[in-house]
Amino acid sequence: MKNIVIFIFLLISLILTSQNKQGLYGFSELPQSLLLNPGEKVEYEWHLGVPFASHIQTSYGASGVTLRDIFEDNQVSFNDKIQRAVSNLSDTDFFTLNQQLEIFSAGFKTGPSYDKDTYLSFGLYQETDAIVYFPKDYAELLLEGNLNNINRVFDLSDLNLRGELISVLHFGYNKRVSKKLTYGFRGKIYSSLATISSINNGGTFVTRPGGNNFFQHQFNLDIEIQTSGLKSLINGSNSDPNDNIKEFRRNLFFGKNLGLGFDVGFTYQFSNQWSMSASLQDVGFIRHSKDIENYELKGNIIFEGVNPLFSDQTENPSAEGFVEAIAEDFNNLFDLEAAESKFTTLRPIKFNSSLTYDFGKENEKDCNCHNTYKPYLNSVGLQLYGIKRPLQPQVALTAFYYRRLFNILRAKITYTVDTFSSKNIGFGISGHIGNYNLYAFADNLLEYQNLANANSISLQLGLNLIFGQK
């Protein structure tokens, strides 16, 4: 049973992912790049995202372990693989999840007819974001038990997780101040559909030789789990999944628990060929005040086991009744308090920055002298990404090459070094046929020949209508 529990935990961890979008960042021909940097340059008049298809992201990843580590067909037993995986992971290894679905989006240029220098955009997207740190001491206690770990102090602070399902209604403002500077701002209204959070936990567990029995188990507990949006689903009388889906739909627009946030960014053109950009995303919070259920487990507890020879039980002398009484006494040791206290969660702030060099001019015969768009076919550069997480920031560095092919295709190749991999090669392509735009990006292409050996795989794609593209 203990192996099965750990196996299930590892399997769940392996379907989680990161939310770095290095292929999409700086891809100014795509409206979705404005979600990563509201100060991105805009080279089109207006756009309309195809509902539920303009941006779809799906991916998975895991730090420190792969599916091959668990399921490889070799001479190593399954139990030994589990033991090895738990030994190799540390309490700073993490598993993250980010999924996005853009429900609708649109934008248009405004300003003087001879020089429209402002772009207004708006939309609604659904997002799932979660992080789970590997609870190493919990896993080792579950795998090894405490009999072989007498006097070892297990750290209960290893439990750190946060997950939320939200919708985001946003309004963006993009301003081209001059040929060199463009800046932008995006306001956001968050609507939380479901949240679970358990961070900053503390406490210890240790087993020592006992005085009144063979062993004495000492618990020092300081654990809290906060939830919103889950109480009505778990404890409610509604058993029809369709009704739960309807409840989620109602909460997409201004649901039970709301919050505010913003993005800010800019692009600066040093010269005709050198430019830089930077942005901050999701500087904000969500206030949880409805459909709340929090759990606290705190205090110092000493448990010295049971002695069946000196039981005071007289009402039910059967073995089954005796075991039930023991289980009830043990459960009564832990006073799990449920409360409905309001709480606030901060959104995970994300940072992006890039330095870009453009080169390779088009032939003069292909140039449009009335167009201010730079006639460069290639770009190379570096991008830095970071996200604030409960224990420590996650950082990634990407080198990229961009190429404009003919008048209808643009391609981008990326090489990323992050916590998951040091050889993450990605590729993206964007095609323009008339006013239709279709794009797709994929990461970690070297691992597609054996997905079981990949720490992360991601895919993004979308379909837009873009008008007035330069």
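The values are calculated or read from the model by the stated rules, or taken from the named source; none is laboratory data. These numbers come from a predicted model, not from an experiment. Neighbour counts are summed over all protein chains in view; Cβ atoms, including those assigned to glycine, are modelled from backbone coordinates with ideal geometry. Please note that ligands, DNA and RNA were not included when accessible areas were found on the heavy atoms of the full protein model with its side chains. Shrake-Rupley method; radii C 1.70, N 1.55, O 1.52, S 1.80 Å.
Out of TYR119, TYR125, one residue alone is at pLDDT 90 or above, farther than 30 Å from LYS179 by Cβ and either under 23 Å from the mean Cα position of the chain (by Cα) or not charged (D, E, K, R) (or both). It is TYR125.
Can you find a residue in the range 256-266 that is open to solvent by 60 Å² or more (accessible area, probe 1.4 Å), farther than 30 Å from LEU156 by Cα, modelled with pLDDT under 90 and not in a strand (DSSP E or B)? Looking for residues that are open to solvent by 60 Å² or more (accessible area, probe 1.4 Å), farther than 30 Å from LEU156 by Cα, modelled with pLDDT under 90 and not in a strand (DSSP E or B), one finds at least one in the range 256-266, hence yes. Applying a threshold of 6 Å to beta carbon distances and a minimum spacing of six or more residues, or different chains, the list of pairs starting in the range 127-154 at a residue that is within 19 Å of LYS388 (Cβ to Cβ) and ending at one that is at pLDDT 85 or above and β-branched (Val, Ile, Thr) reads GLU127/ILE166. Figure legend. Inter-residue proximity from the range 337-358: first residues within 28 Å of ILE225 (Cα to Cα), second residues at pLDDT below 95 and outside any strand (DSSP E or B), beta-carbon distance below 8 Å, spacing 6+ or different chains. Indicated pairs: LYS342/SER289; PRO348/LYS388; PRO348/ARG389; ILE349/LYS388; LYS350/GLN19; LYS350/LYS388.
Summed over the range 21-36, residues that are among the basic types (Lys, Arg) and over 22 Å from the mean Cα position of the chain (by Cα) total 0. All of (1) surrounded by fewer than 20 Cβ atoms within 10 Å (Cβ to Cβ); (2) assigned to a loop (DSSP other than H, G, I, E, B); (3) at pLDDT 90 or above hold for PHE27 with one exception: (1). Being on the phi < 0 side of the Ramachandran plot, among the hydrophobic types (A, V, I, L, M, F, W, C), open to solvent by 70 Å² or more (accessible area, probe 1.4 Å) and in a strand (DSSP E or B) holds for only one residue in ILE457, ILE413, and it is ILE413. Identify all residues within the range 75-105 that are under 21 Å from the mean Cα position of the chain (by Cα) and farther than 30 Å from ASN464 by Cα; write none if there are none. Listed by number, the residues that qualify are LEU89, SER90, ASP91, THR92, ASP93, PHE94, PHE95. When you look at PHE108, is it more than 26 Å from the chain's Cα centre (by Cα), under 29 Å from LEU230 (Cβ atoms) and hydrophobic (A, V, I, L, M, F, W, C), yes or no? Taking the combined requirement at face value, the residue does not satisfy it.
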